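Engineer: Below is one structure. I have some questions about it.
Since every read-out is calculated from the coordinates, none of them should be taken as a lab result. Quick caveat, the model's predicted, so the values are computed rather than measured. All Cβ positions, even for glycine, are placed from backbone atoms using ideal geometry, and neighbour counts span all protein chains on display.
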Amino acid sequence: MTEIEFRSDMDVELVDSMGGDHSIVRAARVSSGTEAGDPAKDKGLINFLARDRHGSPFEATVFQFKVTVPLFVAREWFRHRIGSFNEVSGRYKEMEPVFYVPDEGRPLKQIGTPGKYTFEAGSITQGRHTRTAHRQAAQTAWDAYQEQLALGVAREVARNVLPLSLYTSFYWTVNGRSLLNFLSLRRVTADTTVPTFPLWEIDRAAGQVEELAQQVTPEAFAAFNKHGRVTP
């Protein structure tokens, strides 16, 4: 029996980036034929662009992240279509035995109706049962996967038994404007003004994305937060 790994975290790494706040300013000023250079004026311009939702200059920056999350998180992530994704392939390589199990901080009870609900912490019994069920299901699925491979079944067929809790990795390349759109929908903070209800796990991953990206374009993120985290 293969030893499998259980984890509860989301992992995001900033692999590469192009441009910065200066790139946004440069792209914006070309329309008027003026030059960047005065930090106070450049900061004010970025604030104006975010406030009045002049969005295209924010596309002058590009980020590439390596993301490692469970399949069910990745599938929500891939709904953001303005960007590119390159994912580990279960057709070309054997998948790694790493599976997601909710930690004790993960809310388990949904209160309300679709479109109008909140999540609350589950009971001790619910938590224990949920974590045990995840582990047992993952082990059973992984054993079935390994048995098929041992019999010579193609990887692209054998993988079909693996659950959504399996971890996957992908590279995500995205421009700054699309990144802000992702964060406006998948991350809730004290500055959020437009209601959004992201999956708990993708919210955690999005927090890592934001922490990394704002080091590259701090003024853009300051303006984004100041104006309610609405996509410019």
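Engineer: If you stretched the chain out fully between Val157 and Phe85, how much longer would it get, using 0.36 nm times the residue separation minus the C-alpha to C-alpha distance? Let's see the in-between values first.
Structural biologist: Details: separation 72, 0.36 × 72 = 25.92 nm, distance 2.26 nm.
Here the answer is 23.7 nm.
Engineer: I would also like to ask the following. Using +1 on the beta carbon of Lys and Arg, -1 on that of Asp and Glu, and nothing else charged, what's the dipole of region 106-232 about the Cα centre, debye to 20?
Structural biologist: Details: 14 positive and 10 negative charges, 56 e Å.
Rounded to the nearest 20 debye, it is 260 debye.
Engineer: Quick query: amide H of Leu166 versus all other amide H atoms, modeled in the peptide plane; which residues come in under 5 Å with a sequence gap of 5 or more or a different chain?
Structural biologist: The list, which skips near neighbours in sequence, is Leu71, Tyr100.
Engineer: Let me ask something additional. Assigning unit charges at the beta carbon (Lys, Arg +1; Asp, Glu -1) and nothing else, what dipole magnitude in debye, to the nearest 20, does the chain show about its Cα centre? Walk me through the numbers before you get to the answer.
Structural biologist: Numbers: 27 positive and 28 negative charges, 153 e Å.
The dipole magnitude comes to about 740 debye.
Engineer: Grab the other residues whose beta carbon is less than 14 angstrom from that of Ala40, score K and R as +1, D and E as -1, and report the net.
Structural biologist: Values: positive: Lys41, Lys43; negative: Asp21, Asp38, Asp42, Glu219.
Neighbourhood net charge equals -2.
Engineer: Still on this structure: In µm²/s, what is D for region 144-232 at 4 °C and 1.567 mPa s, where D = kT/(6 pi eta Rh) by Stokes-Einstein and Rh is the Kirkwood radius from Cα pairs? Don't jump to the answer; show the numbers that get you there.
Structural biologist: On the way: Rh = 15.5 Å.
Translational D for this selection: 83 µm²/s.
Engineer: First select every other residue whose beta carbon is under 10 angstrom from the beta carbon of Lys226; then total the charges, Lys and Arg +1, Asp and Glu -1. Display every interim value, and only then the final one.
Structural biologist: On the way: positive: Arg51, Arg229; negative: Asp191.
Residues near Lys226 contribute +1 overall.
Engineer: Just how far, in whole angstrom, is region 182-232 from region 5-42 if you go by their alpha carbon centroids?
Structural biologist: Using only Cα atoms to place each centre, the spacing works out to 15 Å.
Engineer: From the P(r) of the chain, can you give the percent of Cα pairs sitting at distances over 24 Å?
Structural biologist: Details: 14474 of 26796 pairs.
Pairs farther apart than 24 Å: 54 percent.
Engineer: Test of understanding: in a Gaussian network model of the chain with alpha carbons linked when under 10 Å, which of Ile124, Ile46, Ile24 would top the mean-square fluctuation ranking?
Structural biologist: Answer for the Gaussian network model of the chain: Ile124.
Engineer: Then there is this: To test your reading of the geometry: what angle, between 0 and 90 degrees and rounded to tens, separates the Cα axis of helix 176-186 from the longest principal axis of the chain?
Structural biologist: Result, in degrees: 50.
Engineer: Do the sum for the chain: with -39,500 (n - 2.57) for every DSSP H run of n ≥ 4, divided by all residues, what is the mean residue ellipticity at 222 nm, to the nearest 500 deg cm²/dmol? Write out the running numbers ahead of the final one.
Structural biologist: Working: 8 runs with 94 residues, N = 232.
Result for the chain: -12500 deg cm²/dmol, rounded to the nearest 500.
Engineer: Further question: If you average 1/r over every pair of different alpha-carbon atoms in region 96-187 and take one over that average, what Kirkwood value in Å do you get?
Structural biologist: On the way: mean 1/r = 0.0607 Å⁻¹.
Hydrodynamic radius (Kirkwood, Cα pairs) of region 96-187 is 16.5 Å.
Engineer: Going through region 14-92, which trypsin sites (Lys or Arg not before Pro) have at most 15 other Cβ atoms within 10 Å and a DSSP loop state?
Structural biologist: Details: sites: Arg26, Arg29, Lys41, Lys43, Arg51, Arg53, Lys66, Arg75, Arg79, Arg81, Arg91; in loops: Arg53, Arg79, Arg81, Arg91.
Answer by residue number: Arg53, Arg79, Arg81, Arg91.
Engineer: Tally the DSSP beta bridges in the chain and give the antiparallel ones as a percent, rounded to 5. Intermediate values should be presented prior to the final figure.
Structural biologist: Values: 26 of 29 bridges.
That works out to approximately 90 percent antiparallel.
Engineer: By count of other Cβ within 10 Å, fewest leading, how are Tyr117, Tyr145 ordered? Let's see the in-between values first.
Structural biologist: Values: Tyr117 11, Tyr145 23.
In increasing order of surrounding Cβ atoms, one gets Tyr117, Tyr145.
Engineer: Roughly speaking, what is the stretch gain from Ala121 to Leu164, that is 0.36 nm per residue apart minus the C-alpha to C-alpha distance, in nm to one decimal? Mind showing how you got there, number by number?
Structural biologist: Working: separation 43, 0.36 × 43 = 15.48 nm, distance 2.21 nm.
Taking 0.36 nm per residue and subtracting the Cα distance, the gain is 13.3 nm.
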